[in-house]
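**Student:** Sharing a structure here in structure tokens format.
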Amino acid sequence: MLVLLTVFAVYISYFLILILILLKFLEYLLPLIFRGGIYVPTKMDKIKKMVDFLEVRPGEKAVDLGSGDGRLVIALAKAGAEAYGYEINPFLVTLARKNIKKAGLEGRAFVYQKNFWKEDLSKFDIIVIYGIFHIMKRLGDKLKNNMKENARVASNAFSFPLWKHVEERDGVYLYKKNGRN
Ligand SMILES: C[S@@+](CC[C@H](N)C(=O)[O-])C[C@H]1O[C@@H](n2cnc3c(N)ncnc32)[C@H](O)[C@@H]1O
């Protein structure tokens, strides 16, 4: 009986140690995976519409704020832009870089692991965002002071509460900085 109890206690200890290791691992991994919130990619047909909508001119600098797997950065580069993506989630950054390489766009499309709130956005002619409603006011305030004259901004799904869009197509809002916005 004593032997049985000892074996049982040893197994329980192993089990508890395993659980503790797993919890420690998740404590490290989960914030990395979910950094930036839940990832929702834009559908490919909408990506195409957004790029058409923006009328990208060759050599323009474009950025996707929160670039996910890089699909919009790739589409902007294919349309002729020098395209950048700022993405907070390191796994998505790795995936996007792989996709850029696969598309043969290294040298024209770049993704960086960065928090876009901390970045200078004043060099871009085109800024694209697929955010969430509660950040739009703050982002509008940031862009107001940190955006090139005549730059275009396309926001997928969420509008800027204090800005007037120039056009809306399929749930994408287009804005132009012209001294009023
Ligand atoms: C709705 S997804 C859009 C992804 C991509 N732009 C697309 O249209 O498919 C938003 C992305 O923004 C990223 N993100 C959220 N906050 C961020 C921040 N402060 N800086 C950089 N990326 C951020 C998320 O990790 C996520 O990949």
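**Student:** Within region 70-136, list the trypsin sites (Lys or Arg not before Pro) lying in a DSSP loop whose Cβ has at most 16 other Cβ atoms in a 10 Å radius.
**Tutor:** 114, 123
**Student:** Which residue fluctuates most in the GNM of the chain (Cα springs below 10 Å): 121, 72, 26?
**Tutor:** 26
**Student:** So, one more: Distance between Cα centroids, region 132-148 to region 1-43: provide it in whole Å.
**Tutor:** Each part reduced to its Cα centre gives a spacing of 40 Å.
**Student:** If amide hydrogens are placed 1.01 Å from N in the peptide plane, which non-local residues have theirs closer than 5 Å to the one on residue 157?
**Tutor:** Answer set, sorted by chain and number: 172, 173.
**Student:** For the chain, with a Gaussian network of springs between Cα atoms less than 10 Å apart, report the residue from 119, 168, 60 with the top mean-square fluctuation.
**Tutor:** 119
**Student:** With contacts defined as alpha carbon pairs under 8 Å and 6 or more residues apart, what's the relative contact order of region 17-174 in percent?
**Tutor:** Reported relative contact order: 19 percent.
**Student:** Gaussian network model of the chain, Cα springs within a sub-10 Å range: biggest mean-square fluctuation belongs to which of 30, 76, 143?
**Tutor:** Comparing 30, 76, 143 in the GNM, the peak value goes to 30.
**Student:** Can you tell me which lysines have their Cα less than 28 Å from the Cα of residue 101? Leave out same-chain residues fewer than eight positions away.
**Tutor:** In chain and number order, the partners are 43, 46, 48, 49, 61, 78, 114, 118, 123.
Rule-based calculations on the coordinates, nothing more; no lab input. Everything quoted here is computed from the prediction, not taken from an experiment. Reconstructed Cβ throughout: ideal geometry from the backbone, glycine too, with neighbour counts over all protein chains shown.
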